[in-house]
Amino acid sequence: MPRANRYFLPGHVWHLTQRCHQKKFLLKFVRERRRYLRWVFEAKKRFGLSVLNYMVTSNHIHLLLKDIDEHLHRCLVYIDLNMVRAGMVKSPR
């Protein structure tokens, strides 16, 4: 089933969640959770985000973010078009 269109509203706060595939405990060790947080804070610098709050558990994460500028929109478009640019699919649907 295709996913709903994303709408970007600049200056808003975003609550993002991500669950591990099949509810597996892929982040059960402290070093794995720390590595994930390093990636989050790398993305924060790269895409101009403000991390307001976060929770990393053994099988899912919650992020509360605010975009500082248009970088979040560019990131969403990049993710949506990634497989199209690679020639794997014709449409992001």
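The values are calculated or read from the model by the stated rules, or taken from the named source; none is laboratory data. Since the structure is predicted, the reported quantities are computational estimates derived from the model, not experimental observations. A quick note on method: Cβ atoms are made from the backbone with ideal geometry, for glycine too, and the neighbour counts reach across all protein chains shown.
Structure data summary
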read-out	value
The stretch 44-71 - residue that is without any contact (Cβ under 8 Å) to a residue 24 or more places away in the chain and surrounded by 15 or more Cβ atoms within 10 Å (Cβ to Cβ) and, of those, nearest to LYS24 (Cα to Cα)	TYR54
Scope the stretch 13-24; condition part of a loop (DSSP other than H, G, I, E, B) and surrounded by 12 or more Cβ atoms within 10 Å (Cβ to Cβ); matching residues	CYS20
Test result for ALA43, at pLDDT 85 or above and under 27 Å from SER91 (Cβ atoms)	yes
Leading residue by the ranking (farthest from LEU76 (Cα to Cα)) among those in the stretch 30-66 that are out of contact with any Phe, Trp or Tyr (no Cβ under 7 Å at 6 or more places or on another chain) and part of a loop (DSSP other than H, G, I, E, B)	THR57
The stretch 14-25 residues that are aromatic (Phe, Trp, Tyr), paired with ones that are surrounded by 10 or more Cβ atoms within 10 Å (Cβ to Cβ) and in a loop (DSSP other than H, G, I, E, B) (beta carbon under 7 Å, 6 or more apart)	PHE25/SER58; PHE25/ASN59
